[in-house]
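Input: a single structure, listed below in structure tokens.
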Amino acid sequence: MIAYFLLTIFVLWFILFRYRRRRMYKLASVIPAPKGDFPVIGITSYLAGSTEDIMLTMQRFSYSAMENDGIIKGWLNHILYFLVCDPVDLEMILKTCLEKDDLHRFMRKVIGYGSIFAPVSIWRRRRKIIIPAFSPKIIENFFDVFSEHSVKLVEKLANKTGTGYFSIYSYLTAYTLDSVCETAMGVKLNAQNNSNSPFVTSLNQVLAIICKRIFHLWLQPDWLFKLFPQYSKHEACIKILHDFTDEVIQNKRAELKKEKDAQPEDQVHYNLDDYQRKNLLEQLIHLSGCENGYTDLELREEILTLSIAGTDTTAHCIGYTLQLLSKYPEIQDKVYEELCTVLEDSKRPIVKDDLQKLKYLERVVKESLRLFPPVPFIIRKVERDIALPSGRVLPSGSGVVVSIWGCHRDPKYWGSDAEHFDPDRFLPERLNLKHACSFMPFSNGPRNCVGYQYALMSIKTILATLLRNYKVVGEPEKGPIPHIKVKLNIMMKAVDEYQLALEKRTP
């Protein structure tokens, strides 16, 4: 009798649940689903494998969307998602759907309400403070930091020449971490001389765990996650990241207070050059209102967000670019020829003005970002019904997976050679993008990445310095389509962690 009563209650609840969501089901019914979208569980079973399997699945879904006018649907049990790669629809989605999806709650456990993943109510206020900190005038002053650590990386790699293939990833993350910590926090971490940096190790481990939580439903409930062995490692990594950042902030607060106390207010002289040379932590303290501005917690959230984004995304972009150049030596030769021309075959250091003249290198970087964007997918909430330019309607309560990977490879907008590695497609006379979202390695819309100019300066500086001194060697591709196996650890990463070999350049 009790079992019959409970069954009746469940059936009534299920009917009511379906009835309340009837509009969602109706609107979703006209959107195609990928092959293997099973009843009840939907596509859940396809996202239960390794991080490489998950990336392959997401790529397959992206290609399926291309074949279906840029959009498909998929159910993660009862949760409805749309994967979209049409740039026209994406432009509206990224301007309208500003709230990040609930899946980002796992990332918030690491960085709190840092602006990348913050709710809109918090993001709007913080964005106004962060944007001035990334003005071109301020970023230009970071070139010397990038240059110094680039030279150090060249020296560290000297013992790798002629030794065969090796993974360059740990060297790249050490470079980006040193650069980010000095420009963001004013800290000389010296990660390049300490290959086992706890910050980098903890960062990589916690990102891998978060990725598993996102795609493995049994790891999502906090109470259940605590029963798995990953939980203790997750907590330990977060503590290392938080403790390090908190110490830096407290030291900087004390340093600024000491400077202020040592000089009477009526003798303070405000110099624009001094202001622009401040690191990003100092910028955020001053721009937010000093003692009355950001709290230590808010500073930690923003600085940790900048550190994670700047360290990992930049390292991956450099890694992909180097691997592509190792596979296409004729393109690498053109980059080297340009370097020789700009630097006039001299041994002088690379200076900031040189970067503007390295047009071919910039095209190579953009083509690398097009084919292998470090952040291949963005997830947003649909909080109200949205009629897209294509005529489809996204129902309230669903989520949107923005496939940057897909829109960057869609032959409808990039031509039949969309999969080819061709830097010259970014020549001004050839590039004819009709839609802004056709190329958006740093996202698009109001919540795009504010640090994209910072990242490009760092990427071009290290690539110019490395390629001036070393030739990168890999297995040459037999055709114009590069084959690099990738996996999804929040960001997209090469499975082999960027294996290549180095040969010393001779003048």
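The values are calculated or read from the model by the stated rules, or taken from the named source; none is laboratory data. Every value quoted in this text rests on a predicted model; they were computed, and no experiment measured them. Ideal geometry is used to build each Cβ from the backbone, glycine not excepted, and the neighbour counts take in all protein chains shown.
Worth pointing out:
- Among the conditions (1) at pLDDT 95 or above; (2) surrounded by fewer than 17 Cβ atoms within 10 Å (Cβ to Cβ), residue 321 misses just one, which is (2).
- Flag for residue 147 being assigned to a helix (DSSP H, G or I), among the polar types (S, T, N, Q) and under 30 Å from residue 209 (Cβ atoms): no
- Condition met for residue 105 (over 30 Å from residue 245 (Cα atoms) and of a type in the set (D, E, K, R)): no
- Restricted to region 468-500, and to residues there that are touching a helix residue (DSSP H, G or I) at 6+ places or on another chain (Cβ under 8 Å) and of a type in the set (Gly, Ala, Ser), the residue that is nearest to residue 405 (Cα to Cα) is 494.
- Condition broken by residue 124, with the remaining ones in (1) under 28 Å from residue 434 (Cβ atoms); (2) part of a helix (DSSP H, G or I); (3) of a type outside the set (A, V, I, L, M, F, W, C) satisfied: (1)
- Pairs are defined by a Cβ separation below 8 Å, a sequence spacing of at least 6 or placement on different chains, a first member in region 482-496 that is assigned to a strand (DSSP E or B) and at pLDDT below 90, and a second member that is surrounded by fewer than 20 Cβ atoms within 10 Å (Cβ to Cβ) and among the polar types (S, T, N, Q); the pairs so defined are 488/51; 489/51; 489/204.
- Residue that is surrounded by fewer than 24 Cβ atoms within 10 Å (Cβ to Cβ), in contact with an Asp or Glu (Cβ under 8 Å, 6 or more places away or on another chain) and either modelled with pLDDT of 95 or more or not basic (Lys, Arg) (or both), where the choices are 360, 336: 360
- Filtered by the rule that a residue be among the polar types (S, T, N, Q) and either loosely packed, with under 12 Cβ neighbours inside 10 Å or in contact with a Ser or Thr (Cβ under 6 Å, 6 or more places away or on another chain) (or both), region 229-249 gives a lone residue, 232.
- Residue in region 308-346 that is nearest to residue 142 (Cα to Cα), counting only those that are touching a residue at least 24 places away in the same chain (Cβ under 8 Å) and charged (D, E, K, R): 312
- Helices (runs of 4 or more DSSP H) contained entirely in region 18-112, each with at least 1 residues that are surrounded by 22 or more Cβ atoms within 10 Å (Cβ to Cβ): 51-67, 87-96, 105-111
- Residue 164, sole failed condition from (1) crowded, with 20+ Cβ neighbours inside 10 Å; (2) small (Gly, Ala, Ser); (3) not in a helix (DSSP H, G or I): (1)
- For residue 467, the conditions (1) modelled with pLDDT of 95 or more; (2) farther than 30 Å from residue 137 by Cα; (3) of a type in the set (A, V, I, L, M, F, W, C) all hold with the exception of (2).
- Of the helices (runs of 4 or more DSSP H) entirely within region 302-409, those holding at least 3 residues that are acidic (Asp, Glu) occupy 329-343.
Let's see how each residue does on (1) among the hydroxyl-bearing types (Ser, Thr, Tyr); (2) under 27 Å from residue 436 (Cβ atoms); (3) in contact with a Gly (Cβ under 8 Å, 6 or more places away or on another chain):
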site: 55; (1), (2), (3): no, yes, no
site: 62; (1), (2), (3): yes, yes, yes
site: 66; (1), (2), (3): no, yes, yes
site: 71; (1), (2), (3): no, yes, no
site: 76; (1), (2), (3): no, no, yes
site: 81; (1), (2), (3): yes, yes, yes
site: 85; (1), (2), (3): no, yes, yes
site: 100; (1), (2), (3): no, yes, no
site: 110; (1), (2), (3): no, no, no
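- Unmet criterion (only one of (1) out of contact with any helix residue (DSSP H, G or I) (no Cβ under 6 Å at 6 or more places or on another chain); (2) within 29 Å of residue 425 (Cα to Cα)) for residue 360: (1)
- When restricted to residues that are surrounded by fewer than 16 Cβ atoms within 10 Å (Cβ to Cβ), in contact with a Lys or Arg (Cβ under 7 Å, 6 or more places away or on another chain) and of a type outside the set (A, V, I, L, M), region 420-453 contains 2.
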